[in-house]
Every structure is written in structure tokens, then in C-alpha cells.
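S.K.: Take this structure first; my questions come after.
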Amino acid sequence: MTENEIVTTFEEFRQEVLASAAANRDFERIEFLSAFGRELEACDEIEELNPCTSPNVRGVQIDGYGFNSDEGLDLFVADFEHRDTLETISRSEVATLVKRLTSFFSKALDGELHRTLEETSEVYAVARAVHERGKQLGRVRLYVLSERQLSDRYETIDVAQGSGATPVALHVWDMGRLHRMRSSRNQKEPIEIDVAALAGETLACLPAHLESDVYRSYLLAVPGRVLADLYARYGARLLEQNVRAFLQATNKANRGIRQTILDDPGMFFAYNNGVTATASAVEVLATDGVDRISRITDLQIVNGGQTTASLFHARRRDKADLSKVFVQMKLTVIDESRFEDVVPKISQFANTQNTVNAADFFANHPFHVRMETFSRRLWARPANGDGAETLWYYERIRGQYAEEQSKLDARGKRLFLQQNPKSQLLRKTDLAKYENLWDDDPVQVNLGAQKNFALYAVRIGEAWKAGNTAFDEDYFRRVVIRAIIFRESEKLVSAQPWYEGGYRANIVNYAIALISRALESEGLELDVARLWQHQACPRSLSAVITDVSALVNSELTGPNRGQSNISEWAKRPKCWETILVNLPKARQLVRHRSADWTRSLSRA
């Protein structure tokens, strides 16, 4: 990694923030946080980042937050001053930012902060939620997001972790770390584990492979506390993306695991099926004739996510003693060149006990391959009618868009970007979001990109098995139209006089879902063929989006909502029920303003 490469990442990221701020008519600081949030969500580092305005309290700063499905809390502070060139941030400056963010957390936890804030502000809702949930929080992660480059590389640091206390860890993301993540395989920062530092000793292992250029396998007995510590630090990021689909609900398997931990921990190794994991590299030391693993690179659990999460929650909620708990692990080290081919199959065959297997929905699933094929040959005319046709690039494999460019010279890269502009990049999680919103599931979308994708994976996986003829070129064109409408909705909401800089994602999600429900009630659907030709929202559609968004905003932020924290309220089915009260008004709007962008369902 050279200095010039980091400078290039800084300049590209800066331009993305400036372009997004101009397009969405939003503050650059908000767009900086939103852009960084999208990067961290895409690499599975976080579930969500909701920007907020920091309170005017001495020594306190918070610029964003996110509540996680595993009862964790992420707090964010931004180092952003509209810098034109890449500068350096020192450890002492990082320490100052961390101190301000820690001050927010401690004051909010004590309950002294939210009582001094305006009750209508978003930061009031966050501070109050931290106070009310304090004892239930499974872990807290503090993030420093900087537009500068660290003078020294920071590792993840435990800020505070006492006996019985909520574990708190610090993560610093600068331009250097962002560059490393963007440049790595699959645009995902590998999890590097110093086994001795984590477990107190290296772990004995039994090699279980023949000579092979593709993989090496090892069998281990991992202390339960080590898996719990790993989950406390990395959360769902430790779990292979599709495995998360199986952690959405508490079931008999989870209850059985918990009962064994509490009642018969010494028999856990015998009763539990164990964990299947993959890595890109391990360090193995021979000590007194015994092989011992000292370091693991890019650890991912592909089967056993319920076991791992259950150990963490049993220790935190039930104060379970894990000293007698050991878990068998099959660890397979995959050659990096074969990762995309082999890891999905390991996960698929390891998870065969699941009735609906989201592992079937990996990047090499025929659905994704078909969408990718369409995206490379269905040319779209420019929205303003001038210039060359372009493509909507579907990223089947994470990092594929950047990887294709890296193989080209300067001239080839310019041509690639002309034909595949970044504004027309479609990721798998984007597609899942657009489809679930229009198919009447905004609550699931508001839960976050990964949870929403898990639901979509199961739904489309079942539909594919039943018959895949519906997933044709028109299906892909409809996805693109829904993308255009979603992105236009973001711009429109940001431009409204009533928009105060928060909850845009929730407003847009519910507004689109409400429009979709209104169209269905009126016996209408999007006229995909006509909209595809224009590649833009007609004025009448923009007017409907604007008016419906105002209805949603009033309902979402109004005094009658069921929870003070609006982003958390938006995740509840009851929120959707209250918004649907406005369905008659939405129906009236689409009835009178949809002639040039809809068609009758009877003509489908």
C-alpha cells in the first residue's frame, strides 16, 4: 500500500461525498457519515449508521449511532473538516475524539444527559435509549471515522471491560484503513486473530487433510469463552454473510444450546455439533511434537453461528460460567484463488439441516448470474436524451466493480466508467432493498441491509426453485426502475422544507412502500417499458413522492409514535400500521397523478 494509493482513495471518497451532498442537497458532514456508513455496512462491519446532530454540551460529541440485532450499540464520531488534501491525524487527536464520544456514552448511561436536551431532537432519543437499555446492552463499539490518515496504525482496542461490565471496543477508520478494505478480496477487512493473546495460549490442533493445493483442514477443541469473546468483539461480522439468516429467530436449537451451557456445561462438547469455519491463512507451531495454532487470518464461521451467539448471550444474560465449555471446530484454510468457489460449498453442505438454506443464495447462485448477464447487455438511454447509452452494473460478487477497473489501463478505465457509471452500480443488498420495499415489507428493510437481504434470499430462493421464468429481462428492468425511483426519492426528501436532516432512510422506505400499496389498491403497477425508455422519474411521480413523503414524515415523527427513538420505532410492525392510516390519501394522489408512469394490472 503506497502513499499515492491512499491519496487516490481519499480523493475518490471526497468526490463521492461532494457529489452525493450536491445531489441530495444535504450537508457534507451528513453525507460523509452516510458514505462511510455504506462502506462499513457493505463490508459487514456494522448493521447501520444513523447520522445525528451532536448536542451542544461541553466535552461531548456524537455524530451517529446504530442499535444492533444482538443487543449491541455502535456510536460514531466524525473527524471531518472539508479538507482538500490528505492530512495526518495523530494518536492524541484520536484520543480527544474518543474522550468526547466516551463522555456522551457515560453521561447518557447515567441518565443525566437526555434530561438536558430538547425532547424533539434525535440525540435526545439516542441518549434516552442508552440510559434505558444500559443494562441490556451486549456490547458497545466506539467508531472514529476520519477523512485523514493515521500517523500510526491502530488495532481494535478494548476501551473498558471489567467484570460483569458491558464490553466496549474502539475502532478507528481512517483513509488508509478504508483503502485496505476497498483493495482486499471481496472488499472486506479480514479478521486477524492472535490466538495466544485472545485465549491465553495457542490452541492444539489435529491436521485433517491430505496434500492439497486447494485447502488444509484442522480439528480443534476451542474454549467456549474464546468463541464468546470473539462474538463480543466482532459480532455478526464473524459469521459468513448467509449464515446470518439462521440467527433471526430463537428456536428449539438455540434453547437446547442454552440449556446445556447452564445445566451441563461439561457435556457441551459431546452434545453440540460444533462449529465449521474457514480462514485464508493460519500459523501453526510445533511444540513438543504437538501442532498448535497461533494466528488465524480472515476467520469466518460458516456453520455454528447459533452456537457462537448462544455462548455469548448465555454468559452475558445468564452469567453462565463457560470454563467447562469446549466446542469442536473444523477449520479449513482455503487458497485465496479458490475462495469464491469452495467456501459457498462448505457452507451449503454444512447447513443441510436447515429447511430453507440461504447458503443456496451465494454469489454463484443462478439468479445472481442471470442478473449479472442482463446488466452487461441491456443498454439504457441517457436520462436527458443526450450522450451515449450506459449499463446498470450488477455487482454479483462484492468488490467486483472495483476489481474490473483494477485490471484496466487508464484509457480502459475511462471507457469502463463511461459505460458503467458508479451512479448506476447495483449491489445485491440494493436489489433486495428495492424489491422488498415494493413488495410490501418496509419493516424488514428498516432492520438493516443484511437482515433484509437474508429475508430476500429465502424468498427468491424458494421462488427460483418453484420456477425461474419470471426472472427475465423485464424483471431486471423493473429492478432498475425501482432503483431510479428510490434514489430520486432520497433527493426529493432532502430538498423538502420540513426535512431537518434525520431519518431520511426511514421516510423514503415507508413512502415507497405506501406508494406501492396505493398502486396495488388502485389496480395499477409501474409501466416499466415506458419508464425504462426515459430512465428518470416523470414530474407527476416526483410530485406523488414528495406528497407521500410528507405524510410519512408527519406520522413517523409525530407525537403519537410508539417510541421516542424514531429509527427504532421504524423497525416495528406497529409503525407500518400507523403509516397505513394514510393509505386513502396516498390512493387519491396516485389515482390523479399516475397516468404517465403506470398501467393497469389487467394489462400485465
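S.K.: Does region 504-526 contain at least one residue that is in a helix (DSSP H, G or I), surrounded by fewer than 21 Cβ atoms within 10 Å (Cβ to Cβ) and among the β-branched types (Val, Ile, Thr)?
M.R.: The answer is no; no qualifying residue exists.
S.K.: Part of a helix (DSSP H, G or I), open to solvent by less than 20 Å² (accessible area, probe 1.4 Å) and closer than 30 Å to Ala402 by Cα: is that true of Glu39 in this structure?
M.R.: no
S.K.: Would it be correct to say that Ser34 is buried (at least 17 other Cβ atoms within 10 Å of the Cβ) and hydroxyl-bearing (Ser, Thr, Tyr)?
M.R.: Yes: the conditions hold for Ser34.
S.K.: Return yes or no: is Glu45 touching a helix residue (DSSP H, G or I) at 6+ places or on another chain (Cβ under 9 Å), under 30 Å from Glu3 (Cβ atoms) and open to solvent by less than 20 Å² (accessible area, probe 1.4 Å)?
M.R.: When the stated conditions are applied, Glu45 passes them.
S.K.: Okay, moving on. Do the conditions hold for Gln496, that is, is it open to solvent by 30 Å² or more (accessible area, probe 1.4 Å), within 29 Å of Ile566 (Cα to Cα) and in contact with an Asp or Glu (Cβ under 7 Å, 6 or more places away or on another chain)?
M.R.: no
S.K.: Please enumerate the residues belonging to region 366-418 that are under 30 Å from Trp464 (Cβ atoms), of a type in the set (A, V, I, L, M) and touching a residue at least 60 places away in the same chain (Cβ under 8 Å).
M.R.: Hits for region 366-418 are Met371, Leu378, Ala380, Ile397, Ala402.
S.K.: From the set of residues in region 141-181 that are closer than 30 Å to Thr8 by Cβ, of a type in the set (S, T, N, Q) and in a loop (DSSP other than H, G, I, E, B), which is modelled with the highest pLDDT?
M.R.: That would be Ser151.
S.K.: Determine if region 35-49 includes at least one residue that is among the aromatic types (Phe, Trp, Tyr) and within 22 Å of the chain's Cα centre (by Cα).
M.R.: Checked against the condition, which is being among the aromatic types (Phe, Trp, Tyr) and within 22 Å of the chain's Cα centre (by Cα), region 35-49 yields at least one hit.
S.K.: I'd like to know if region 545-560 contains one or more residues that are without any contact (Cβ under 8 Å) to a residue 24 or more places away in the chain, open to solvent by 60 Å² or more (accessible area, probe 1.4 Å) and assigned to a loop (DSSP other than H, G, I, E, B).
M.R.: Yes, because at least one residue in region 545-560 is without any contact (Cβ under 8 Å) to a residue 24 or more places away in the chain, open to solvent by 60 Å² or more (accessible area, probe 1.4 Å) and assigned to a loop (DSSP other than H, G, I, E, B).
S.K.: Then there is this: Do you know which of the residues in region 7-31 that are outside any helix (DSSP H, G or I) and not aromatic (Phe, Trp, Tyr) is least open to solvent (accessible area, probe 1.4 Å)?
M.R.: Among them, the one singled out is Asp26.
S.K.: Can you give me the number of residues within region 511-541 that are closer than 11 Å to Trp597 by Cα and within 28 Å of the chain's Cα centre (by Cα)?
M.R.: Here the count works out to 2.
S.K.: So, one more: Can you name every one of the helices (runs of 4 or more DSSP H) wholly within region 375-488 that holds 3 or more residues which are surrounded by 19 or more Cβ atoms within 10 Å (Cβ to Cβ)?
M.R.: Where helices (runs of 4 or more DSSP H) fall fully within region 375-488 and carry at least 3 residues being surrounded by 19 or more Cβ atoms within 10 Å (Cβ to Cβ), they are 428-438, 442-446, 449-466.
S.K.: Would it be correct to say that Ala281 is of a type in the set (A, V, I, L, M), at pLDDT 80 or above, surrounded by fewer than 20 Cβ atoms within 10 Å (Cβ to Cβ) and within 22 Å of Ala221 (Cα to Cα)?
M.R.: Yes: the conditions hold for Ala281.
S.K.: Out of Glu71, Glu112, Glu118, Glu87, I need the residue that is surrounded by fewer than 21 Cβ atoms within 10 Å (Cβ to Cβ) and within 28 Å of the chain's Cα centre (by Cα). Which one?
M.R.: Glu71
S.K.: Hey, another quick one. Here is a check on your reading of the model: is Pro55 farther than 30 Å from Glu488 by Cβ and either crowded, with 20+ Cβ neighbours inside 10 Å or aromatic (Phe, Trp, Tyr) (or both)?
M.R.: Yes, satisfied.
The values are calculated or read from the model by the stated rules, or taken from the named source; none is laboratory data. Model, not experiment: these values are computed from the prediction. So basically every Cβ, Gly included, is an ideal-geometry build from the backbone, and we count neighbours across all protein chains shown. Heavy atoms of the whole protein, side chains included, go into the accessibility calculation; ligands, DNA and RNA do not. Shrake-Rupley method; radii C 1.70, N 1.55, O 1.52, S 1.80 Å.
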